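What follows is a short report on a single structure.
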Amino acid sequence: MSDYLEFFCGSCGEHLRVPGATAAHKSVQCPYCDWTGRLPHTAILGPGTTQQEKFAPAAEPAPPRFRVSAISSLENAFRIFGSNFLLFGIGFIGLAALDGIPSVVTAGGDEFEMNFHAGSLILTLIGIFISIGMTRAALHVARGGQADTDMLFSGAPYFFRVVVGSILFWFATILGLICFILPGLYVLTTYWSFSHFIIDQNCEIMESFLRARTYSVGNRFGTIRVALLSVIVTLLGMACFLVGLLVAIPVVSLIWTTAYLAMTGQSVNVSRPGPRPVATVAV
């Protein structure tokens, strides 16, 4: 048994860990994309593990050392949006349109009511699938990569876990809101990031909730500030009519991804459009 360091690959963003606390001064190689370089300064020291578990998902991490800033999350969301505004703009506006289709269809008359529930469920599942791809694209861009439309359809490995996790999350939230509101607010501010842990760190469902709870310590009021700022941005977008919403909807969605990155100690390093940066290789 030995200590290990957790970190994110500097190229593909996969969640990895290497054995040995002294590995911080050594070169490492990602088994997924063959990126080679030194461990980032955000690597987190974890409990003991075996060599065979070198790249296995880690246990619940130590209490976080990072805090969410609503203003910084907004600034970083604009940076990500500006790097590829067509992809994120069209993608998130499309997701908003999917949410609105059932209401428009059922307003057409009684003949549509029989298909409402099935159609609404299908559209919801499609929206979740695309939103996973959008989150992956946002995380990739935040780490200096260049996103493309193929990433929008890359959510299959995480789809089932995100759907089941969403059902558990919203059931607990609604139940908590019914029980004098405060328990529901606790669930919202504690577990909102579970899907990011599934998508970004390939966690299992319960592990994602454990990690979300761990990193929410000290960040619940920051999460409330992010939520209030999201409402303000949305209202400003509505005040500017269609043009404003084309910016507000994707930016608000990206705010939560940047808040997750801040909460887990990951910096946003958006690159300019062009070729991917050359990976750092140990001498």
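Every number in this text was worked out from the coordinates using simple rules, so none of it is lab data. If you're wondering where the values come from, they're calculated on a predicted model, not measured in any experiment. Backbone-built Cβ (ideal geometry, glycine too); neighbour counts: all protein chains shown.
Side notes on the structure shown:
- Available extension along the chain between S69 and V243 is 60.0 nm, counting 0.36 nm per residue and deducting the alpha carbon span.
- Kirkwood Rh, Cα atoms: Rg over Rh of the stretch 70-263: 0.97
- FRET efficiency for the pair V164 and R79, taken as 1/(1 + (r/R0)^6) with r the Cβ-Cβ distance and R0 = 25 Å, rounds to 0.15.
- Highest-first arrangement of 142-150, 251-259, where packing means the average Cβ count within 10 Å: 251-259, 142-150
- Once the C-beta distance of F171 and T36 is scaled by a Förster radius of 41 Å, the resulting FRET efficiency is 0.40 to the nearest 0.05.
- Label-to-label distance, L121 versus T149, with points set 7 angstrom from Cα along the beta-carbon direction: 3.1 nm.
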